[in-house]
Amino acid sequence: MEPQSPIDDLVRLSTAHRAALERLGIANIRDLLYHIPHRYESAADIREVAQLHTPGEVTLYGQFTALEMKRSFKTRVPMAEGTFDDGTGTVRVVWFHQPYLAKMVPTNELVRLRGPLSISKGRKYIANPVVERAAGLPVLQDTEGMVADGGMQPVYPETAGITSLWFYHAVKRALEARVHESLVDLVPREILEKYHLPTLQTALVWAHQPKHQKDADAAKKRFAFEEVFMIQLARALEREKNKEKRALPVDADEARVHAFIDTFPFAPTGGQRRAIADILANFLEPYPMARLLEGDVGSGKTAVAAATAYAVVTSRPVPGKNFGNLQVAYMCPTEILAKQHFSTFTSFFKKYPIQIGLITSSGCYKFPSKVHPDKPTEISRTQLLKWVANGEVPILIGTHALIQKAVKFKHLAYVIIDEQHRFGTAQRQALTLKDGVAPHLLSMTATPIPRTLALTLYGDLDLTVLDELPAGRKPIDTKIVTPHERSGAYTKVRELLAQGRQAYVICPRIDEPDPTKQMALQARSVAAELKNLHKLFPEFVIEKMHSKMSPKDKEDVMAAFEQGKIHILVSTSVVEVGVNVPNATIILIEGAERFGLAQLHQLRGRVMRSTHQPYCFLMVDKASSLGNARLKAILKAKNGFELAEHDLAIRGAGELYGRRQWGISDIGMEALKNIKLVEAARSEAFALVSTDADLRTLPDLKKQALHTLKDLHFE
Ligand code: ADP
Ligand code: MG
C-alpha cells in the first residue's frame, strides 16, 4: 500500500462512506492520514440527561426508543424526530431537512450522540446531532480497536455520513500497514528542529492515537505550522512572480499630491497620510503594486483612493512627453456604491480638468457635462467606451461591468477595488495588460480581519491599516433592545429626527414569508415595517429600499435620502456596504440575531460618519437574545479590529471568516489564534523563497504549496 493508494485498499467502502469521503476531499490514504482529529474525548465527557440544566454542546450515551419521519406542522419541512433515553432521562431529537437519517440511526442499540442541547420551557431537545454506534466505547468495555490508555478517543471534524469510529479504524489500519512511513516530510528538518515540532511520522501517530494530550497538542501544532507554512510559501512565490511584471510609470510627486489633498474639505488623518505615502512609494517601483488597504468603516478610504488616483491620472504615459494620461478604474460591488463614489469623485475633482466616467448595467454618465460644467451628464455606453478606449476619460468608476471584455482602456495604470474581500486572481489576470504590463492594484476593505488571518490570506499583498477615524467622531451608542423596550427606541428616533437627523431601519426580509421557517419564527419584513412606521411617524417621510426594486427606483430613493428628503429609510441589508449619508445617525436593526457579525458591523458603520452622536439599536424578538454571543461581541467591541480579534478568540473558525468561506482547515484556523506561529511560518517561508525565488531546489515542496493554495478560495 502506498500513500497514493485509494482508501478501498484499506477498508471496504459503502456508498455512503464513499460520498462522505468525497465531500471531505479524501481521495487516498495520504489524505486520510492528513484528516486530523479536532479533539479527543474520554468517557468522562459523557453527560447524564438528568444532569443537563444548561444549553450547549453535549455528548450523551444511550439509545433511541422511537424514530419517525414527518413534516413540520406548519411549513412542511421534512424532518426526522425521535426520543433518546440514557436511563436517567429523555431528550427529544430532531433532524431538519434530513429525514433519511432516521433510517440510518439504529434504534434500541447503544449509541453515542453529540449535538447542541436546547432547553425550552423545561423540555430538552437536540437538533441535528451526530450519532455513532457505541459498541466500542471505553465506558462499556475495552474492546478491540478502541483506545485503552487514558481513553483518548479521536473526534474527527465533519463526520456527517461517516463516523469518528470509522476514521479511527481506517487510520489504524493505515498506520499498521506503515503507509505513513513512506510519506515524505516536506517541512525542512532544520525548521522542525528550530521550533521543536515533531516529524511527520511521529506527528501522525500522536494525532490519531495519542497516549497523552501533550503529544496530541504537539502533533496539532506541527500540522498547523505545516498548513500555514505552505500557504505562506505559495504567497511568497506569488509575490516574486508579481515582481516579474511591469507597471506603467506613475509620477508619484508627493508635493503635487499634497496640493490636491489640500483642496479636500477636511484635513487627512495620520492614517490616510500614511496610506497615501505607502501607495506613492509603490508607484516608484518598476513592478505593479499589490496592496490591501484595511480601514474600519468610516475611516475615509475613498479619500485615499481619490488622492492616489490623482497622482496617476496626472501622469503621462511616456515620461517626459507632454501628452496623454494614465487611467484609473475604480470597481465597486454595488451600483449604489458606484454612484456614490462617482459623486464623491466629481466633488474632489471638480476644480481639475479631469473627466470621470460612470459605468453600471443601468446606465452611463460622464462628468463634467459640456453644458453644465459642475454637473454630470448621461451618455451612451458606446460613447463612454469610446472615450475610455482613446484615453479621453481617465477615471472610470463602475460595478463589475467595468472588467467586461468590451471595456478597453488606453493606458490603464491603476485599479482600485472597493469593499471586496479580495480581488480574485482570475479578475486580476483579466486586467493584466499585454506584454507583461499590469496595473497597480489597491484592494480596499472594511471587513475587519485579525492580523494573523490577513498575513495568511493576503500574504502576497502589502498591507496598510487605516487605524484612525477622522477627528471628532463620537463613540457609537449600541444597545440591545428587547420587545418591551421598543417604544423607547422609537422615542429616540423621534427625538433625533426632530433635530434634523435621519434614520435607517434594517429588516432581514423584503416581504414574502420564508417557506423554510415556522410562522412564529418569521423575521420582520421591509413591507410590514414600512406600514408600521407610517402609523408611528405620520409626520415624517418614510421610504423603502431593497434589492428587488428597479435600479431607477433605488437610485431615486438613495438620492432623496442623501438630500435629506427622506427621514427614515426602511431597508434590507443592501445598504450594508459603503453607503455614506453622514446625516443619518441612528440605525435600528430588526431581527438583529439573524445577521452575521460582519454584517452587523457593516450596518452599524452606516451611522458613524459624522460628528453627531451615533446610535445603533439591535432590535431582538426575544429577551433571551441578550445572551446571544454575536450581539454581545458587537456591544463590546469599539471597532472592527477589536471585533475581529474577539471573534477569533471566542470561536476560532469564527463567523467573519469561517472555514468554508476561506478553505482553511479547522487546524489551520486554530493556528491563526497564534500570532507567533503564523509569523514564524511566514518568516521561514519568505526566507526560503528569498534564497531560491522559484524553489527550484525543492520541487516537491513547491508543488505542495501551490496545491494547498488551490484549496483556498477567495473569489
Ligand atoms: P470608508 O472608509 O468607510 O469608505 P468614507 O471614505 O466613505 O469611509 O468616508 C466616510 C466619511 O468621512 C465621508 O463623509 C468622508 O467625507 C469623511 N472623511 C473622510 N476623511 C476624513 C477626514 N480626514 N476628516 C473628516 N472627515 C473625513
Ligand atoms: Mg467606503
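The values are calculated or read from the model by the stated rules, or taken from the named source; none is laboratory data. Being a predicted model, the structure only gives us computed values, none of them experimental. When we count neighbours, we look across all protein chains shown, and the Cβ atoms used for this are built from the backbone with ideal geometry, even at glycine. The accessibility values were calculated without ligands, DNA or RNA, using every heavy atom of the protein model including side chains. Shrake-Rupley method; radii C 1.70, N 1.55, O 1.52, S 1.80 Å.
The table below lists the values:
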| quantity | calculated |
| --- | --- |
| Qualifying residue in region 460-477 (condition: modelled with pLDDT under 95, assigned to a loop (DSSP other than H, G, I, E, B), more than 23 Å from Ala277 (Cβ to Cβ) and β-branched (Val, Ile, Thr)) | yes |
| Number of positions in region 33-68 that are assigned to a strand (DSSP E or B) and open to solvent by 70 Å² or more (accessible area, probe 1.4 Å) | 4 |
| Extreme residue, nearest to Leu603 (Cα to Cα), among residues of region 275-303 that are open to solvent by 50 Å² or more (accessible area, probe 1.4 Å) and in contact with a strand residue (DSSP E or B) (Cβ under 7 Å, 6 or more places away or on another chain) | Asp278 |
| Failed item in (1) modelled with pLDDT of 80 or more; (2) under 26 Å from the mean Cα position of the chain (by Cα); (3) open to solvent by less than 10 Å² (accessible area, probe 1.4 Å); (4) within 16 Å of ligand 1 (Cβ to nearest atom), with Ala446 passing the rest | (1) |
| From Leu197, Leu204, residue being in contact (Cβ under 8 Å) with a residue 60 or more places away in the chain and more than 29 Å from the chain's Cα centre (by Cα) | Leu204 |
| Residue, nearest to Arg18 (Cα to Cα), within region 161-194, restricted to residues that are open to solvent by 60 Å² or more (accessible area, probe 1.4 Å) and not in a helix (DSSP H, G or I) | Arg178 |
| Some residue of region 272-290 being assigned to a loop (DSSP other than H, G, I, E, B) and within 27 Å of the chain's Cα centre (by Cα) | yes |
| Selection from region 255-271 of residues that are among the β-branched types (Val, Ile, Thr) and part of a loop (DSSP other than H, G, I, E, B) | Thr263, Thr269 |
| Condition met for Ala207 (aliphatic (A, V, I, L, M) and open to solvent by 10 Å² or more (accessible area, probe 1.4 Å)) | no |
| Residue match in region 420-442 (condition: in contact with a Gly (Cβ under 8 Å, 6 or more places away or on another chain) and either at pLDDT 80 or above or surrounded by 22 or more Cβ atoms within 10 Å (Cβ to Cβ) (or both)) | no |
| Matching option when the condition is at pLDDT 80 or above and over 29 Å from His169 (Cβ atoms), among Thr65, Thr90 | Thr90 |
| Members of region 587-601 that are open to solvent by less than 10 Å² (accessible area, probe 1.4 Å) and within 15 Å of ligand 2 (Cβ to nearest atom) | His601 |
| Candidate set from region 667-711 (those that are modelled with pLDDT under 85 and farther than 23 Å from Val184 by Cα); member that is surrounded by the most Cβ atoms within 10 Å (Cβ to Cβ) | Leu672 |
| Residue match in region 316-334 (condition: assigned to a helix (DSSP H, G or I) and in contact (Cβ under 8 Å) with a residue 12 or more places away in the chain) | no |
| Looking only at region 310-337, and only at residues there that are away from ligand 1 (no atom under 13 Å from the Cβ) and aliphatic (A, V, I, L, M), the one that is nearest to Lys554 (Cα to Cα) | Met331 |
| Among the residues listed as Phe323, Phe345, the single one being open to solvent by 10 Å² or more (accessible area, probe 1.4 Å) and aromatic (Phe, Trp, Tyr) | Phe323 |
| Test: His372 is away from ligand 2 (no atom under 16 Å from the Cβ), farther than 15 Å from Leu412 by Cα and of a type outside the set (Asp, Glu) | yes |
